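Worksheet: one structure, shown below.
The values are calculated or read from the model by the stated rules, or taken from the named source; none is laboratory data. Keep in mind that this is a model prediction, so the values were computed, not measured. Cβ sites come from the backbone with ideal geometry, for glycine too, and all protein chains shown count toward neighbours. These area figures cover heavy atoms from the full protein model, side chains too; ligands, DNA and RNA do not enter into them. Shrake-Rupley method; radii C 1.70, N 1.55, O 1.52, S 1.80 Å.
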Amino acid sequence: MQFLIVGIVLILALFAIRFSSKNGIPALLLFIVLGMVFGAFGLDFNDYEFSDKFASLALMVIMFYGGFGTKWSSVKPVAKEALILSFLGVITTALITGLFCHYVLGIGLMEGMLIGSIVGSTDYASVSNILRSKNLNLKYNTAPLLELESGSNDPAAYTMTMVFLSVIIGTDLSIPVLILSQIIIGIIAGFAFAFIIGQLLQRLRLNADGLYSVFMAAAMLITYETTSLLAGNGYLALYILGIYLGNLEFRGKREVVFFFDGFTEMMQIGLFFILGLLSDLSRFIEALPIAFAIMMFMAIISRPISIYVLMLPFRLKINQLNIISLAGIRGAAAIAFAIMVVNSEAVLTVDIYHIVFGICV
């Protein structure tokens, strides 16, 4: 029965993608709605532990392939701006949003900061899908800037989420040590694995080109898990690995691209469907007013403030800043981090999952 449901969902997802391309509605939103509809019609699913593992795997694939598909030559002119936004932009947006949650909505300070951190990053899949499906040729290298920012800012949001979650749980751990280890180990591990795997790819002579996809998938899993075991940021390491390998020429690269094109799409469909399925309609409606207030605040205040202040030294054009501000779409990573929080030992007074879910929807 489970396989029948999976098959039906995949077929419906293909129709959703076609409908999306014709009508301009983001396909990822349709996958969420599809999950909610299945849940409303009796498909009972509340396994947060399985969802956490699936979300982690999906984010690994999305992060790695997001980096793999990034042409360094096109993003290099705006790399400084994008990386500042992907790190400082997330921190600024998260802190301002956290203060709003506490002082305006009455949520506890640490819980407000946790919500701000969870939704601090923009969603690579959503941003890149819209840019590509609409073939948006934005001026002044704005599209590469948005893709690099959205592809590289999840690690900062993950680190901040871990920091405030540790404070709430009361973990006996130095916060500066946690932050530094996440970033420094993540960067070192990412470049180290990228160099080693790059050297292996140049020397490997596998019997079939399709086996290079298997090797790449194994390299992705090993990089993430090893970095995490060393207390580093596995998502950051994966993104670095993806950019490095994606800009190398090696035998079997075309087959790797074909494989990950389809695999990434399947993971996105599965992830957003499960996220919709996991939601409870009544709790979603109950959390919607708070979620809507936070979303509006982020869209018109916290993200624009972050963009305008941090980009001040770069003298970007007003229209460009407006577009970058409006591209602050939240998605899979935020909901995945919310699932991680639900699975933790944290005692919370608000429904984190449905608030974050509502913000993303």
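Are any of the residues in segment 259-266 within 28 Å of HIS354 (Cβ to Cβ), open to solvent by 60 Å² or more (accessible area, probe 1.4 Å) and part of a helix (DSSP H, G or I)?
Kept after step one, since they are within 28 Å of HIS354 (Cβ to Cβ), are these residues of segment 259-266: 264-266.
This time we only want the ones that are open to solvent by 60 Å² or more (accessible area, probe 1.4 Å), so: 265-266.
After this cut, where a residue has to be part of a helix (DSSP H, G or I) as well, the list is 265-266.
Yes; the residues of segment 259-266 include at least one that is within 28 Å of HIS354 (Cβ to Cβ), open to solvent by 60 Å² or more (accessible area, probe 1.4 Å) and part of a helix (DSSP H, G or I).
Within segment 299-351, the set of residues being hydrophobic (A, V, I, L, M, F, W, C) and open to solvent by 80 Å² or more (accessible area, probe 1.4 Å) comprises ILE300, VAL309, LEU312, ILE318, LEU326, VAL347.
Results for (1) within 20 Å of THR159 (Cβ to Cβ); (2) touching a Leu at 6+ places or on another chain (Cβ under 9 Å); (3) among the hydroxyl-bearing types (Ser, Thr, Tyr), shown as yes or no for each residue.
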residue: TYR308; (1), (2), (3): no, yes, yes
residue: ILE318; (1), (2), (3): no, no, no
residue: SER325; (1), (2), (3): no, no, yes
residue: ALA336; (1), (2), (3): yes, yes, no
residue: ILE339; (1), (2), (3): yes, yes, no
residue: ASP351; (1), (2), (3): no, no, no
residue: VAL356; (1), (2), (3): yes, no, no
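Among helices (runs of 4 or more DSSP H) entirely within segment 44-126, having at least 3 residues that are at pLDDT below 90 singles out 48-68, 72-75. Scanning segment 186-211 for residues being open to solvent by 50 Å² or more (accessible area, probe 1.4 Å) and outside any loop (DSSP other than H, G, I, E, B) gives a total of 10. Can we say PHE41 is over 15 Å from GLU265 (Cβ atoms) and open to solvent by 80 Å² or more (accessible area, probe 1.4 Å)? Against the criterion (over 15 Å from GLU265 (Cβ atoms) and open to solvent by 80 Å² or more (accessible area, probe 1.4 Å)), PHE41 qualifies.
How many residues does segment 128-153 hold that are of a type outside the set (Gly, Ala, Ser), open to solvent by 10 Å² or more (accessible area, probe 1.4 Å) and in contact (Cβ under 8 Å) with a residue 12 or more places away in the chain? Lay out the reasoning, then the answer.
In the first step, residues of segment 128-153 are kept if they are of a type outside the set (Gly, Ala, Ser); the result is 129-132, 134-142, 144-149, 153.
Then keep just the ones that are open to solvent by 10 Å² or more (accessible area, probe 1.4 Å); that gives 129-132, 134-141, 144, 147.
Filter once more, so that each one left must be in contact (Cβ under 8 Å) with a residue 12 or more places away in the chain: 129-131, 134, 138-141, 144, 147.
Looking only at that region, the number is 10.
Looking only at residues of segment 18-32 that are touching a Phe, Trp or Tyr at 6+ places or on another chain (Cβ under 9 Å) and in a helix (DSSP H, G or I), we find that the one that is surrounded by the fewest Cβ atoms within 10 Å (Cβ to Cβ) is LEU29. Scanning segment 275-298 for residues being open to solvent by less than 60 Å² (accessible area, probe 1.4 Å) and over 19 Å from PHE337 (Cα atoms) gives a total of 2.
Pairs are defined by a Cβ separation below 6 Å, a sequence spacing of at least 6 or placement on different chains, a first member in segment 281-305 that is farther than 19 Å from ALA94 by Cα, and a second member that is open to solvent by 20 Å² or more (accessible area, probe 1.4 Å) and in a helix (DSSP H, G or I); the pairs so defined are LEU281/ALA40.
Report yes if ALA58 is open to solvent by less than 30 Å² (accessible area, probe 1.4 Å) and either touching a helix residue (DSSP H, G or I) at 6+ places or on another chain (Cβ under 8 Å) or in contact (Cβ under 8 Å) with a residue 60 or more places away in the chain (or both), otherwise no. Spelling it out, ALA58 is indeed open to solvent by less than 30 Å² (accessible area, probe 1.4 Å) and either touching a helix residue (DSSP H, G or I) at 6+ places or on another chain (Cβ under 8 Å) or in contact (Cβ under 8 Å) with a residue 60 or more places away in the chain (or both).
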